[in-house]
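Here is the structure we will look at.
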């Protein structure tokens, strides 16, 4: 069993670069030989999954994400981290952490949630989609046996987070939906210690598990990859509609959430698509939902396209403002005026940012100091 110290020494813990947002540094090598794995990944708990049903012939159907995988005995679902063993479905990544770091909450990014505070951020291996532009593919697209990990129980995670001064536990980097049980248990225990929890997710989850989970979360950030089924099918091996359903469910639940769209040149950056998305957000979620238009950088399977022009992000932000959205942001462009939060009434700067740093904060509790306008979010 490797220790947290050895994992830090190996450089596997999540150290995120400014230009890529909530992502991990690439490892020098991403091929793990049997020799390298020898002696690792031992002693991790195997826990029964929470959302599935048993079928005939020892098969099971997963009821966690929209894929609804049907899994034969001794096989795994699409995510590669949940396994059918004799008709009982198990998660293989409970307490099996492969990325761990203390981040500014702005890195997630969450801009209307406890600005200037730290988030104890963790992940396990696995994902339930495959985005060709994934910035954390070294952990999201691998099975748990292939990734160097440490055993970190929910109890230890909550204790460690509270001791180091973090206000929040963030489930992030890969896809928290696939380590649902671990996230659920850790968030619940974190709450008992006075810690909030947030999920940084692709939103590919069914309504029932999402609703149950949100009882223990304080906020959610959803990556809305694009706004066409074509983009989701061809670039993310997924579907758009379930993600839109997740956003509507979050609105219905009443939990705070923010949206991020990574704008990729020629793939999801047309004026029509951006306009359609902004109109849908306003009509279905309301004008106060923050929407972050984030700069793409070439990675994983999309290295033939350039970084997103800043003018494209500015166009997206203007479309959002013209549509009537109150809090559109430009992301991954440190120092840009689009990083700031402005009062939708008097237009004064409420929170001035530079990258992940808060330079000025003119909020008085949850209101604009200048005009007393209510500003939605989780501020205290």
Fill in: Computed Rg/Rh of the stretch 283-324, alpha carbon atoms with Kirkwood Rh
1.10
Worksheet entry | Stretchable slack from residue 155 to residue 270, in nm (0.36 nm times residue separation minus alpha-carbon distance) | 36.8 nm
Response to the item:
1/(1 + (r/R0)^6) with r = Cβ-Cβ of residue 358 and residue 85, R0 = 56 Å, i.e. FRET efficiency to nearest 0.05, evaluates to 0.70
Worksheet entry | Extension gain (nm, one decimal) between residue 75 and residue 132, 0.36 nm per residue minus Cα-Cα | 18.0 nm
Response to the item:
When 356, 296 are ranked with the fewest other C-beta atoms within 10 Å first, the list becomes 356, 296
Practice prompt. For the stretch 233-274, just the Cα set please: Rg and Dmax, both in angstrom.
Written response: 12.6, 35
Worksheet entry | Stokes-Einstein D (µm²/s) once Rh is taken as the Kirkwood radius of the stretch 292-380 over alpha-carbon pairs, at 37 °C in 0.692 mPa s | 229
Response to the item:
Helix-only [θ] at 222 nm, the chain, -39500 (n - 2.57) per DSSP H run of 4+, per residue, nearest 500, equals -7000 deg cm²/dmol
Discussion item. At a 10 Å Cβ-Cβ cut-off, how would you order 163, 183, 315, fewest neighbours first?
Written reply: 163, 315, 183
Fill in: Rounded FRET efficiency, nearest 0.05, which uses the C-beta distance separating residue 241 from residue 215 and R0 of 25 Å
0.50
Item to complete: Mind pulling up the Rg/Rh value for the stretch 225-380? Radius of gyration and Kirkwood radius, both on Cα.
Response: 0.97
Worksheet item: On full extension of the chain, what length is gained from residue 303 through residue 188, given 0.36 nm per residue of separation minus the C-alpha to C-alpha distance?
Response: 37.4 nm
Discussion item. Once R0 is set to 30 Å, what does the formula 1/(1 + (r/R0)^6) return for the Cβ-Cβ distance between residue 162 and residue 348, expressed as a FRET efficiency to the nearest 0.05?
Written reply: 0.25
Response to the item:
What one gets for the stretch 41-197 as the Kirkwood radius, inverse of mean 1/r over different Cα pairs in Å, is 16.1
Item to complete: Provide 299, 294, 88 in ascending order of the number of other Cβ atoms located within 10 Å of each residue's Cβ, fewest first.
Response: 88, 299, 294
Worksheet item: Relative to the longest principal Cα axis of the chain, at what angle does helix 271-284 sit, 0 to 90 degrees, rounded to 10?
Response: 90
Worksheet, complete the sentence: Reduced to Cα centres, the span from the stretch 155-205 to the stretch 340-380 in Å works out to 26
Discussion item. Per-residue counts of other Cβ atoms within 10 Å, averaged by peptide: what ranking do you get for 175-181, 323-329, highest first?
Written reply: 175-181, 323-329
Worksheet entry | For peptides 222-234, 122-134, sequence by mean Cβ density within 10 Å, most packed first | 122-134, 222-234
Worksheet item: Quick one: Cα centre-to-centre distance for the stretch 281-308 and the stretch 58-106, in angstrom?
Response: 27
Worksheet entry | Between 0 and 90°, nearest 10: helix 241-253 axis offset from the chain longest Cα axis | 70
Item to complete: Using only the alpha carbons, work out the radius of gyration and Dmax of the chain in angstrom.
Response: 20.2, 66
Practice prompt. Please check which bits of the stretch 260-274 a label hung off residue 322 would reach, taking the label as a point 7 Å along Cα-to-C-beta and the cut-off as backbone N under 20 Å.
Written response: 261, 263-274
Response to the item:
Helix 154-163: inclination vs the chain longest Cα principal axis, degrees, rounded to 10, gives 40
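Read the figures in this text as sums done on the coordinates, not as results from a lab. What you see is a predicted model, and the numbers here were worked out from it, not measured in a lab. Cβ atoms come from the backbone with ideal geometry, glycine included; neighbour counts cover every protein chain shown.
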